[in-house]
Amino acid sequence: MAENIPVAEKKSQTAQQERSHIIVFLDDEPHPLGSFKSPINFELDTTRLVDGKHTLKIVSKDPHGKEGVKIIPFIVRNGPDISVEGLSDNQVVNGTLPMMINAYSKGDSKVFLIESSEVPRSIPGWIWIVIILFGAWALYYLIVHLYNP
């Protein structure tokens, strides 16, 4: 019966039997997210994960028993983003600190929230310097051209 199968079909059946087996783990969980024959396509739903660092561990076994492991670290940030102005990481401080703290959420993908989509920030010092220099130049220009006959 196997002799009646064309050569191309024999190859595809052999290829089907010789596919690698893939097991996907999240973080250090003992139970896998899934076990599949390669190739696979799937979606990782990060909305069920807590914010912070995570790892995706992919273990692959070929038909001959050889094993390969790939570990992919990633960071989940589904919660509100927190912006702090006035204090940065490992900054040495003393006295009273003026601070601005803002937390804003991305909302869902169907509704755009304009009120909290941008972080309010104070105007940087270099912009104030440019404004003062421009004002001084404009004042100089007016004085020179209006009072010069």
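Summary table below
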quantity	calculated
Some residue of the range 58-74 being within 30 Å of I101 (Cβ to Cβ), at pLDDT 90 or above and not acidic (D, E)	yes
Residue in the range 8-32 that is modelled with the highest pLDDT, counting only those that are surrounded by 15 or more Cβ atoms within 10 Å (Cβ to Cβ) and in a loop (DSSP other than H, G, I, E, B)	P32
Tabulated pairs, the range 70-88, first more than 30 Å from S60 (Cα to Cα), second assigned to a strand (DSSP E or B) and of a type in the set (V, I, T), C-beta under 9 angstrom, 6+ apart or interchain	I82/I101; S83/I101; V84/I101; E85/I101; G86/I101
Top-ranked residue in the range 66-80 [being within 13 Å of the chain's Cα centre (by Cα) and among the aliphatic types (A, V, I, L, M); ranked as surrounded by the fewest Cβ atoms within 10 Å (Cβ to Cβ)]	I75
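The values are calculated or read from the model by the stated rules, or taken from the named source; none is laboratory data. Model, not experiment: these values are computed from the prediction. In this analysis, Cβ positions are derived from the backbone assuming ideal geometry, glycine residues included, and neighbour counts consider all displayed protein chains.
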